[in-house]
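The values are calculated or read from the model by the stated rules, or taken from the named source; none is laboratory data. These figures come from a predicted structure and were not determined experimentally. Note that each Cβ is placed from the backbone with ideal geometry, even for glycine, and that neighbours are counted across all protein chains shown. Please note that ligands, DNA and RNA were not included when accessible areas were found on the heavy atoms of the full protein model with its side chains. Shrake-Rupley method; radii C 1.70, N 1.55, O 1.52, S 1.80 Å.
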Amino acid sequence: DGRGGDGNIQYCTITTIDESPLQAGLLWAGTDDGNVWVTRDDGANWTKLNDKIPGNPGYWVSRVAASNAAPGTAYVSYTGLRHDDFKPYVFKTTDFGATWTSLATSAVKGYAHVVKEDPVNPDLLFVGTEFGLWISVDRGRQWAQFSANLPNVAVRDLAIHPRDHDLVIATHGRGLYIVDDLTPLR
């Protein structure tokens, strides 16, 4: 049940944290026991957002990501690995966590490790799952699997190089892949 002491101990450990690049002191955090938090005052006061996320599975928060385009926008992904749940759980808020929308569609396969918004075009989103990389060019309404020379492998992290506009894909046990220049997708 994720309360600790029952095998894999999960207990209030921050697994992911991100500060807004647009608003100093606006921080988003996720924990291994499924909690999502936001602070707008450098951590003096935190608001727990779990009840605001419809369909929140309460699983390990694999990533929170602050938007590069709007201070109130953020993304969260959960992984159901420890519960044998392979569905993707990816959500987005545009109002500092007051409401959330699910971005996971039937096109996305596997539990989600990472969600990332493009720093130039907020319509361009990436989700790395246990079974590869998914890309959306319409803010998560539709997704397509990226397969150009990328094997069906767990995508654990993503970074976008600010100067070269390359997408760097970190995979589980396989290494790094680089997608040269995201300009055509933007």
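So the values come out like this:
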read-out: Condition check for A104: hydrophobic (A, V, I, L, M, F, W, C) and either at pLDDT below 95 or in contact with a His (Cβ under 7 Å, 6 or more places away or on another chain) (or both); value: yes
read-out: Residue in segment 108-121 that is touching a Pro at 6+ places or on another chain (Cβ under 8 Å) and aromatic (F, W, Y) present; value: yes
read-out: Any pair with Cβ under 9 angstrom, 6 or more apart, that starts in segment 140-160 at a residue that is over 18 Å from T79 (Cβ atoms) and ends at one that is modelled with pLDDT under 90 and aliphatic (A, V, I, L, M); value: F146/V179; A148/V179; L150/V179; I160/L182
read-out: Single condition G34 does not satisfy, out of (1) assigned to a loop (DSSP other than H, G, I, E, B); (2) open to solvent by 10 Å² or more (accessible area, probe 1.4 Å); value: (2)
read-out: Boolean, G7 is modelled with pLDDT of 95 or more, part of a loop (DSSP other than H, G, I, E, B) and not basic (K, R); value: no
read-out: Residues of segment 120-141 satisfying the condition of being in contact with a strand residue (DSSP E or B) (Cβ under 6 Å, 6 or more places away or on another chain) and assigned to a loop (DSSP other than H, G, I, E, B); value: G140
read-out: Answer from D18, D42 - the residue that is acidic (D, E), modelled with pLDDT of 95 or more, part of a strand (DSSP E or B) and under 25 Å from D118 (Cα atoms); value: D18
read-out: The lone exception for V137 - which of (1) under 22 Å from N35 (Cα atoms); (2) at pLDDT 95 or above it fails; value: (1)
read-out: Positions within segment 57-68 being open to solvent by 40 Å² or more (accessible area, probe 1.4 Å) and closer than 17 Å to D95 by Cα, in sequence order; value: N68
read-out: Residue in segment 74-81 that is aromatic (F, W, Y), over 22 Å from I17 (Cα atoms) and surrounded by 15 or more Cβ atoms within 10 Å (Cβ to Cβ) present; value: no
